[in-house]
1. Quick one: what are the phi-derived ³J(HN,Hα) couplings along region 141-148, Karplus 6.51/-1.76/1.60 with θ = phi - 60°, whole Hz, x for glycine and proline?
2. Work out from phi, with θ = phi - 60° and the Karplus expression 6.51 cos²θ - 1.76 cosθ + 1.60, the ³J(HN,Hα) of each residue of region 168-175, listed in order in whole Hz, and give x for Gly and Pro.
3. Ignoring ligands, DNA and RNA, what accessible area per residue does region 134-176 give at 1.4 Å, in Å²?
4. Which residue, Pro23, Pro106, Pro176, has the most motion in a Gaussian network model of the chain that connects Cα atoms within less than 10 Å?
5. Considering the dipole of the chain built from charges on the beta carbon (Lys and Arg +1, Asp and Glu -1) around the Cα centre, which of Val141, Pro190, Ser42 is farthest to its positive end?
6. From the square roots a ≥ b ≥ c of the eigenvalues of the alpha-carbon gyration tensor of region 1-73, which class results: rounded (a/c under 1.5), prolate (a/b over b/c), or oblate?
7. For a quick check of understanding: with a 1.4 angstrom probe and all protein chains in place, what accessible area in square angstrom does Asp67 have, to the nearest ten?
8. About the Cα centre, and with charges only on the beta carbon of Lys, Arg (+1) and Asp, Glu (-1), how big is the dipole of the chain? Nearest 20 debye, please.
Amino acid sequence: MTFWPVIGAVLPQALGIALSPVPMVCIVLVLLSRQPIRAGSSFAVGWVGALAIATGLVVVLTDVATDDGSEAAHDGVDLVKLAVGVLFAVLAVRYWRKRPSPGETPPRPAIVDKITTLSGPALVLTGAGAALANLKNLPLVIGAGTQIGGSGLTTGQEVGATACFVIAASLTVLVPLLAVVIAGAERSAPTLKTLEKWLLSNLNTILVVLLAVLATVMIGQGLDLFR
């Protein structure tokens with residue numbers, strides 16, 4: 001597979017990570033703190049760094065495993081995609097069954113009430129944790145890494161594909177931070193507060209829809225195992 005088809009194949013995984021509602025709430029709250037740019041930059045460094053290291057590691061391991069070009073190695077990549085898709089389907093059903101009743105206030109994630117009090121180093125670690133310590137994000141990183149590493153790209157192309165994946169997966173962290181840098185904290189605050197309220201009110205619904213879409217995409221890609 002050539003470079004651009006690989007980018008197209010991993011974009012759904014990248015957007016699945018980018019649209020994770022809890023990290024989106026985290027970056028919004030961080031940008032509403034007393035030092036929004038410094039705090040937001042710390043969170044973004046942890047997020048981007050963790051994604052880059054984890055994805056790069058999976059790419060290297062997969063590249064080594066599939067270096068002989070054997071059919072079994074490529075079947076392993078398809079099997080990973082299929083397993084991730086089934087996992088997301090199960091999670092979608094789980095979150096749907098746990099959805100709040102009409103009129104019931106959705107529970108707030110524990111990190112929401114603590115994140116604005118964290119120091120810079122703690123926010124770096126929180127960003128890294130938000131990127132990877134997640135039932136949804138880590139399988140997506142593994143799925144994207146195996147896709148890139150198992151596609152027969154050159155080393156330079158693998159680096160470029162990994163960078164594109166990480167940037168796309170970080171858009172919902174980097175774009176709000178850039179908006180605050182450009183527009184200023186005071187002008188951005190009303191929009192951020194509105195976004196925070198909407199995300200917290202619709203957390204479960206966003207997760208269910210996102211997981212269902214990702215399950216469909218990943219299972220569809222994984223079915224190439226039965227070619």
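The values are calculated or read from the model by the stated rules, or taken from the named source; none is laboratory data. This is a predicted model, so every value here is computed, not measured. Neighbour counts run over all protein chains shown; Cβ positions are idealised from the backbone, glycine included. All accessible areas refer to the heavy atoms of the entire protein, side chains included, with ligands and DNA or RNA removed. Shrake-Rupley method; radii C 1.70, N 1.55, O 1.52, S 1.80 Å.
1. For region 141-148, the Karplus-derived couplings read 4, 5, x, 5, x, 5, 5, 5 Hz, x marking Gly and Pro.
2. Computed from phi, the couplings for region 168-175 are 4, 6, 9, 4, 6, 9, 6, 5 Hz.
3. Numbers: 1430 Å² over 43 residues.
Heavy-atom accessible area per residue stands at 33 Å².
4. Pro106
5. Pro190
6. Values: a/c = 3.73, a/b = 2.49, b/c = 1.50.
Judged from the Cα gyration tensor, region 1-73 comes out prolate (a/c at least 1.5, a/b above b/c).
7. Result for Asp67: roughly 120 Å² accessible.
8. Values: 14 positive and 12 negative charges, 241 e Å.
Roughly 1160 debye for the chain.
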